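Contents: one structure, followed by commentary.
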């Protein structure tokens, strides 16, 4: 995944000129954020996310940068494939009695990081609901995370809700 941040002139057709080099070089666009509300000196910030085939990546990126410069599109930043995804889940049941630290460690072994944990306590013997904020590396799909969480939940008699 490649994230491209640019500034383009606020003139008709400029967004198309931004997209053409990516398409012409085998890119697959996933999303475009066009920040019209942040326009400065007639330049609009645009965040674009796309992918390129691995075997073409280096050459295609150089070609894309060259074509964008010819169109006077200001490149602010290009970041390659290290973006992480975030997911929130709730676990309900005896989350603490079944060793919440073990759950966190098992996720960490899969390179899934618990970035936040929220819980409300009532009585010690009551069922609890715990909110987990998770960060997934690019190498782990959401499906793999859900499968891992289902194993943990089945083993510990917990229920998972994806938020």
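The values are calculated or read from the model by the stated rules, or taken from the named source; none is laboratory data. The model shown is predicted, which means the values in this text are computed figures rather than measured ones. Every residue, glycine among them, receives a Cβ derived from its backbone with ideal geometry; neighbour counts consider all protein chains shown.
Per-residue answers, yes or no, for (1) within 23 Å of the chain's Cα centre (by Cα); (2) at positive phi; (3) not assigned by TED's automatic domain parsing to the domain that holds residue 28:
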residue: 69; (1), (2), (3): no, no, no
residue: 76; (1), (2), (3): yes, no, no
residue: 117; (1), (2), (3): yes, no, yes
residue: 129; (1), (2), (3): no, no, yes
residue: 150; (1), (2), (3): yes, no, yes
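Of 79, 63, which residue is touching a residue at least 24 places away in the same chain (Cβ under 8 Å), farther than 20 Å from residue 162 by Cα and touching a helix residue (DSSP H, G or I) at 6+ places or on another chain (Cβ under 9 Å)? Working first, answer last.
Numbers: 79 fails: touching a helix residue (DSSP H, G or I) at 6+ places or on another chain (Cβ under 9 Å).
Testing whether each residue is touching a residue at least 24 places away in the same chain (Cβ under 8 Å), farther than 20 Å from residue 162 by Cα and touching a helix residue (DSSP H, G or I) at 6+ places or on another chain (Cβ under 9 Å) leaves just 63.
Scanning segment 2-45 for residues that are assigned to a loop (DSSP other than H, G, I, E, B) and surrounded by 18 or more Cβ atoms within 10 Å (Cβ to Cβ), which turns out farthest from the chain's Cα centre (by Cα)? I'd like the intermediate steps shown before the answer.
In the first step, residues of segment 2-45 are kept if they are assigned to a loop (DSSP other than H, G, I, E, B); the result is 10-13, 25-27, 35, 39, 41-42.
Subset that is surrounded by 18 or more Cβ atoms within 10 Å (Cβ to Cβ): 25, 27.
On the way: 25: 24, 27: 18 Å.
Taking the candidates together, the pick is 25.
Residue 157 versus (1) surrounded by 12 or more Cβ atoms within 10 Å (Cβ to Cβ); (2) over 30 Å from residue 3 (Cβ atoms); (3) in contact with a strand residue (DSSP E or B) (Cβ under 8 Å, 6 or more places away or on another chain): which is the lone unmet condition?
(1)
Just checking, how many residues over segment 46-92 are closer than 21 Å to residue 145 by Cβ and assigned to a loop (DSSP other than H, G, I, E, B)?
4
When residues of segment 37-64 are filtered for being within 18 Å of residue 20 (Cβ to Cβ) and in contact with a strand residue (DSSP E or B) (Cβ under 6 Å, 6 or more places away or on another chain), how many remain?
7
Name the residue, out of 73, 112, 152, that is modelled with pLDDT of 95 or more and touching a helix residue (DSSP H, G or I) at 6+ places or on another chain (Cβ under 7 Å). Walk me through how you get there before you give the answer.
Working: 73 fails: modelled with pLDDT of 95 or more; 112 fails: modelled with pLDDT of 95 or more.
Just one listed residue meets the conditions, 152.
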